[in-house]
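What follows is a set of notes on a single structure, which appears directly below.
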Amino acid sequence: MSLYSPRLTRLIDALRRLPGVGPKSAQRMAFHLLDRDRDAARLLATALDDALSGIARCPDCRMFKEDDECRYCGPARRQSGQLCVVEGPADLVAIEQGTPFRGRYFVLMGRLSPLDGMGPDELGLPRLAETLGEGDVQELIIATNPTVEGEATAYYLAEMAKSRGIRVTRIAHGVPMGGELEYVDGGTLSHALSGRQPV
Amino acid sequence: MRERVTLEPAYLLNRRPYQDSSLLLEAYTRQYGRVGLVARGARGPKSKLRGVLQPFTPLLLGWAGGGDLGTLQGAEAVGPPLPLSGERVFFGWYLNELLIRLVARADPHPPLFEAYALALQQLPDDAELAQDALRIFEKTLLAELGYGLLLPDGIDPQAHYRYDGERGARPVPGPEPGSYAGASLAALRDEHFANASERGDARRLLRDAIAPLLGGRSLETPRLLREMRSKADKIPDS
């Protein structure tokens, strides 16, 4: 027999689907919403419902969008001629928040990894090929993670762009701001050294 | 039985996210064969292991636990990651996929570990050496699994042969579809390839020898590489 009544069980099971939420936290959240803050619970319910019915994926950049016009694909961004490829939506937000870059994006939603069944089709690369073929991208900026999978993905993306005569760049990897060389791992340091720039 | 292993030479074959901040690792070790390990907290923003736990990097791993999944307790890199780039990454993935698909967990083969390490070192070299490294690894893998190739000393380089896994090389009167040149079989036996046709034959023979061991499910890495090559060729046309 279940510990909770049927509706409460369903709520707790639903909360447990969130990342990082185990049975104890789910129980705490459920009790909090039901007992202390029923308004917040209602707000959460409508917000979720709204988000689910109103947010889709932009077919061009594969980021979430809710208006007819995707906020990352507008004409001003198109004019910049730059397109930045990232692995996930969180990477896009990180670049948007932390850098002055205001070009277009393409979100892969993963990286090439044959052992996990991720190939070019899963990453939407045919769609990216169409975008590159439209002719207003002058520079493809590759911002995949500096992992083996990210490297292989970058290589493939670079081949795609080069064959169309588009300039390809890759974000630099190296020592973090405020970091100390002493504590940086050898791989990062050797990348940083090989990617050094004239001052 | 719980055991503790320290500083064991290993390479990572694959890793995937596990729970919130952990990684599930598939490692190939010298003395313990293929092992599954959980690296707790390795995906967290402060983890020092993130840069270390990469495939194609010679590692020393320590873990605790018997059963199916051990818990990683320490990891350090003993050398820089191999400079694999572009298609060579796929070559490395191919070796990893072979080990994952064909070698059972906790089935140690120290010579296979050495062969893997050697093959990885040769992958960044020129295209022919990289191909040869794959062939020699495949041959060692078959031998270690008990399906070693039967290539006797007396192969006549001028003659033609058929090859099958049970009976080995048998002479045929002349070249026929599916037959091999004696020179190719001798080259594969001696692990020394002189030209493209010997390399092509070795590749065909080893592919046919490995296929029955895969249980009807083909390997993903070669399929993906073929797909990417065919798309890359098509790109200039579109």
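Of the numbered criteria (1) at pLDDT 90 or above; (2) within 18 Å of B:GLY146 (Cβ to Cβ), the one B:ALA130 fails is (2). In the range A:110-132, of all residues being in contact with a strand residue (DSSP E or B) (Cβ under 6 Å, 6 or more places away or on another chain) and either more than 22 Å from A:ILE166 (Cβ to Cβ) or surrounded by fewer than 18 Cβ atoms within 10 Å (Cβ to Cβ) (or both), the one that is farthest from the other protein chains (Cβ to nearest Cβ) corresponds to A:GLY110.
Considering only residues that are small (Gly, Ala, Ser) and under 24 Å from B:GLY67 (Cα atoms), look in the range B:98-127 and name the one that is modelled with the highest pLDDT. Walk me through it before giving the result.
Step one: list which residues in the range B:98-127 are small (Gly, Ala, Ser), which gives B:104, B:106, B:115, B:117, B:119, B:127.
Filter once more, so that each one left must be under 24 Å from B:GLY67 (Cα atoms): B:104, B:106.
Working: B:ALA104: 91, B:ALA106: 86.
The residue in question is B:ALA104.
For the range B:33-51, the set of residues classified as surrounded by 19 or more Cβ atoms within 10 Å (Cβ to Cβ), within 14 Å of chain A (Cβ to nearest Cβ) and either within 24 Å of B:LEU98 (Cβ to Cβ) or in contact with a Gly (Cβ under 6 Å, 6 or more places away or on another chain) (or both) consists of B:ARG34 only. Every condition in (1) out of contact with any Leu (no Cβ under 6 Å at 6 or more places or on another chain); (2) within 14 Å of chain A (Cβ to nearest Cβ) holds for B:ARG30 except the one numbered (2). Scanning the range B:52-84 for residues that are within 11 Å of chain A (Cβ to nearest Cβ), on the phi < 0 side of the Ramachandran plot and in contact (Cβ under 8 Å) with a residue 24 or more places away in the chain gives B:VAL52, B:LEU53, B:GLN54, B:PRO55, B:THR57, B:GLU76, B:ALA77, B:VAL78, B:PRO81, B:LEU82, B:PRO83, B:LEU84. For the range B:98-113, how many residues meet the condition of being more than 10 Å from chain A (Cβ to nearest Cβ) and closer than 16 Å to B:PRO222 by Cβ? Within the range B:98-113, residues that are more than 10 Å from chain A (Cβ to nearest Cβ) and closer than 16 Å to B:PRO222 by Cβ number 3.
Restricted to the range B:9-32, and to residues there that are aromatic (Phe, Trp, Tyr) and touching a residue at least 60 places away in the same chain (Cβ under 8 Å), the residue that is surrounded by the fewest Cβ atoms within 10 Å (Cβ to Cβ) is B:TYR32. Taken together, the criteria place B:GLY148 among residues that are free of Cβ contacts under 8 Å to residues at least 40 places away in the same chain, out of contact with any strand residue (DSSP E or B) (no Cβ under 8 Å at 6 or more places or on another chain) and more than 14 Å from chain A (Cβ to nearest Cβ).
Considering each of A:VAL148, A:VAL175 in turn, give the residue that is without any contact (Cβ under 8 Å) to a residue 24 or more places away in the chain and facing chain B (nearest Cβ under 10 Å). Walk me through how you get there before you give the answer.
Values: A:VAL175 fails: facing chain B (nearest Cβ under 10 Å).
Unique residue meeting the criteria: A:VAL148.
Exactly one residue out of B:LEU7, B:LEU95 is on the phi > 0 side of the Ramachandran plot and either in a helix (DSSP H, G or I) or away from chain A (no Cβ under 13 Å) (or both): that is B:LEU7. Among the residues that make up the range A:151-162, is at least one of them modelled with pLDDT of 85 or more, farther than 21 Å from A:CYS58 by Cα and more than 13 Å from chain B (Cβ to nearest Cβ)? No: the range A:151-162 contains no residue that is modelled with pLDDT of 85 or more, farther than 21 Å from A:CYS58 by Cα and more than 13 Å from chain B (Cβ to nearest Cβ).
The values are calculated or read from the model by the stated rules, or taken from the named source; none is laboratory data. What you see is a predicted model; the values in this text were computed from it and never measured. A quick note on method: Cβ atoms are made from the backbone with ideal geometry, for glycine too, and the neighbour counts reach across all protein chains shown.
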